[in-house]
Amino acid sequence: MEMNENELERLYEESFHEIEAGTLINGRVISVKETGVVVDVGYKSEGFVPREEFTEEELAELKLGDVLEVYVQHISDAEGMVVLSRRKAVRMKAWEQIEEAMGKEEPVEGTILSKTKGGLFVDIYGVKAFLPGSHIGAKANELEALLGKKLTFKILKVNNKRTTLVVSRKSYVDEERQKKKSETLQFLHEGAIMKGAVKNITDYGAFIDLGGIDGLLHISDMSWGRISHPSEMLSVGQEVEVLVLKYDPATEKVTLGYKQKMPDPWSNVDQKYPAGMKVSGKVVSITDYGAFVKVEEGLEGLVHVSEMDWAPKPKHPSKYVSVGDEVEALVLKADRDERRLSLSMKQLKLSPWQMVSENYKPGMTISGKVKSVTEFGAFVGLPEGVDGLIHISDISWTRHIKHPSEVLKKGQKVDAVVLSVEPEKERIALGLKQLKEDPWIEEIPRTFHLGDEVKCRALRQTDFGIFVEMPGEVEGLIYASEALRREEPVQEGEELWARIIKIDLDNRKIGLSMKNVKAAAGS
């Protein structure tokens, strides 16, 4: 409302004319009362504008001397004052602006007020206009978001009585888009670098608004690297610079590329990243079989889960790395044709088998827990994270072991002797029986002799004889031909007397007979 003195005087002087009802005039504020505003309109009596014609904000800003444009309703009221309307003046001025804009086919600005049957209400310069649903240019579920927004419209209809105003948002947007399209087509050709805004994102790509015409940026043309969804690179509304790959003027179909603006990093990957080279990069995605590491723009390498850790059974890749982690890796292979870069994280760490070869020598005694038991032996865990094998043949010097579980259980803590270390084969052999001297060398020849009668414990009966346990946990065999005939079979654990009839030190076997045993006869 602020004006300089010269302009105020000019507007005031212009108001000195014959006042007629139904006209617009300029007046100067001379006082503000509780009931309204008194205005000097240069007539024999003063004019009055009711308080309700102003908002509280307008009244707060109003100052004495301010010039107002008002509408003359009556020349004189009961108190001899000219009855004025500020609201009608604003409305008449608004209609003049609207009609002028329509005559010149110019757009107008307005604010979305509310929803109504069949469309929306819009405030255009203080006039309530109707925006039909077919001219909104938005989906039904988007209407709530438009409320209160200031937008530009095209005027569709104004009636002579100034009671009806119909506008269109869609017509304005379409016309503007057509103008932009005409400008864009002047520069649109294959090979052109153009700027645009992301209009929509799908699973297979993104549509880019180049200015009145859309182009498709396919997911395969976004990056030389690996992306699983376009939203990893783009977001709706984002401005992006793209390359026109193809343009068909007949169909106006435009194919765009983003990665093509940069050289293909895979073209010389084998030269740039030879096997054995150490690289660093950021983890960009994790799968069940490994993690992809971005080593440069558009170039990602795979660290397979088997190359993350030296453990025999690696955990899930997410247990080693997270998306966003900076990691170092060793190049295993770079394949330009297959567009594959194989990386290893574990190769930068000291192999546990290297540590094993340094820490363990044959003849050493180690301690560990049984990790698992198989038909051929038991695996014992070592601190380096590898397992050593106690073969079934290295469990006992004297017992015939059918299954390792007869002696060893999972989780059992055992001592064992290192028999051999083969890091190149990732193998370390352990022995349980080697904790003791081989009894077949001295102890058994000294303890047992041909003809000795011994008390045994039956272990199991077979077609070719009865296996028994002699003193000192030494196993022997009572030959089937040397067993006594009896109606009932021998029971496991049953005590028997037998005579040694064969000692084979080379093959570590002792043969027994139950016949002609004096001790058995005496019992």
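The values are calculated or read from the model by the stated rules, or taken from the named source; none is laboratory data. All of these numbers come straight from a predicted model, not from anything done at the bench. Positions of Cβ are generated from backbone atoms using ideal geometry, with glycine treated the same way; all protein chains shown enter the neighbour counts.
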Which one is modelled with the lowest pLDDT among residues in the range 117-132 that are among the charged types (D, E, K, R) and in contact with a strand residue (DSSP E or B) (Cβ under 7 Å, 6 or more places away or on another chain)?
128
List the pairs whose first member sits in the range 502-523 and is at pLDDT 85 or above, whose second member is among the charged types (D, E, K, R) and loosely packed, with under 11 Cβ neighbours inside 10 Å, and whose Cβ atoms are under 8 Å apart, counting only residues at least 6 apart or on separate chains?
510/504; 511/504
Strands (runs of 3 or more DSSP E) fully within the range 319-400 counting 1 or more residues that are within 30 Å of residue 270 (Cα to Cα) and within 32 Å of the chain's Cα centre (by Cα):
326-335, 340-344
What number of residues within the range 116-137 satisfy the criterion of being basic (Lys, Arg) and in a loop (DSSP other than H, G, I, E, B)?
1
Test: residue in the range 437-444 that is crowded, with 18+ Cβ neighbours inside 10 Å, touching a strand residue (DSSP E or B) at 6+ places or on another chain (Cβ under 9 Å), in contact (Cβ under 8 Å) with a residue 12 or more places away in the chain and not in a loop (DSSP other than H, G, I, E, B):
yes
Every residue in the range 433-468 that is more than 12 Å from residue 498 (Cβ to Cβ) and touching a helix residue (DSSP H, G or I) at 6+ places or on another chain (Cβ under 6 Å), please.
433, 464
Which residue out of 38, 29 is out of contact with any Lys or Arg (no Cβ under 9 Å at 6 or more places or on another chain), modelled with pLDDT of 90 or more and of a type outside the set (S, T, N, Q)?
38
Every listed condition ((1) assigned by TED's automatic domain parsing to the domain that holds residue 194; (2) in a loop (DSSP other than H, G, I, E, B); (3) on the phi < 0 side of the Ramachandran plot) holds for residue 254 save (2)
Tell me, please, whether a residue that is touching a helix residue (DSSP H, G or I) at 6+ places or on another chain (Cβ under 7 Å) and surrounded by fewer than 17 Cβ atoms within 10 Å (Cβ to Cβ) can be found in the range 91-98.
no
Would you please name the residue that is surrounded by the most Cβ atoms within 10 Å (Cβ to Cβ), looking only at residues in the range 56-90 that are charged (D, E, K, R) and touching a helix residue (DSSP H, G or I) at 6+ places or on another chain (Cβ under 6 Å)?
86
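Looking only at the range 404-415, decide whether some residue is of a type in the set (Val, Ile, Thr), at pLDDT 95 or above and surrounded by 17 or more Cβ atoms within 10 Å (Cβ to Cβ).
Yes: the range 404-415 contains one or more residues that are of a type in the set (Val, Ile, Thr), at pLDDT 95 or above and surrounded by 17 or more Cβ atoms within 10 Å (Cβ to Cβ).
Which of the residues belonging to the range 327-339 are in contact (Cβ under 8 Å) with a residue 24 or more places away in the chain and either in contact with a Cys (Cβ under 6 Å, 6 or more places away or on another chain) or surrounded by fewer than 14 Cβ atoms within 10 Å (Cβ to Cβ) (or both)?
328, 335
Can you tell me which of 425, 413, 346 is touching a Ser or Thr at 6+ places or on another chain (Cβ under 8 Å) and more than 28 Å from residue 508 (Cα to Cα)? Reasoning before the result, please.
Values: 425 fails: touching a Ser or Thr at 6+ places or on another chain (Cβ under 8 Å); 346 fails: touching a Ser or Thr at 6+ places or on another chain (Cβ under 8 Å).
Result: 413 is the single residue among 425, 413, 346 that is touching a Ser or Thr at 6+ places or on another chain (Cβ under 8 Å) and more than 28 Å from residue 508 (Cα to Cα).
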Under 8 Å between Cβ atoms, which residue pairs at least 6 apart in sequence (or on different chains) link something in the range 356-367 that is closer than 7 Å to residue 418 by Cβ with a partner that is among the charged types (D, E, K, R) and modelled with pLDDT of 90 or more?
366/415
Candidates 327, 370, 380, filtered to the one that is modelled with pLDDT of 95 or more and under 20 Å from residue 279 (Cβ atoms):
327
Residue among 228, 223 that alone is hydroxyl-bearing (Ser, Thr, Tyr), at pLDDT below 95 and touching a helix residue (DSSP H, G or I) at 6+ places or on another chain (Cβ under 8 Å)
223
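Can you pull out every residue in the range 159-171 that is more than 40 Å from the chain's Cα centre (by Cα) and either without any contact (Cβ under 8 Å) to a residue 60 or more places away in the chain or more than 16 Å from residue 123 (Cβ to Cβ) (or both)?
Across the range 159-171, the qualifying residues are 159, 160, 161, 163, 164, 166, 167, 168, 171.
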It is to be established whether one or more residues within the range 64-82 are closer than 30 Å to residue 168 by Cβ, assigned to a strand (DSSP E or B) and among the hydrophobic types (A, V, I, L, M, F, W, C).
no
Could you say whether any residue in the range 337-346 is over 26 Å from residue 233 (Cβ atoms) and touching a Gly at 6+ places or on another chain (Cβ under 7 Å)?
no
Six or more apart or on different chains, Cβ under 7 Å: which pairs go from a residue in the range 282-307 that's under 17 Å from residue 232 (Cβ atoms) and at pLDDT below 95 to one that's among the basic types (Lys, Arg) and part of a helix (DSSP H, G or I)? Could you list them?
298/259
Take the conditions loosely packed, with under 12 Cβ neighbours inside 10 Å, in the same structural domain as residue 282 (by TED's automatic domain parsing), in contact with a strand residue (DSSP E or B) (Cβ under 8 Å, 6 or more places away or on another chain) and under 14 Å from residue 286 (Cβ atoms) and apply them to residue 324. Does it pass?
yes
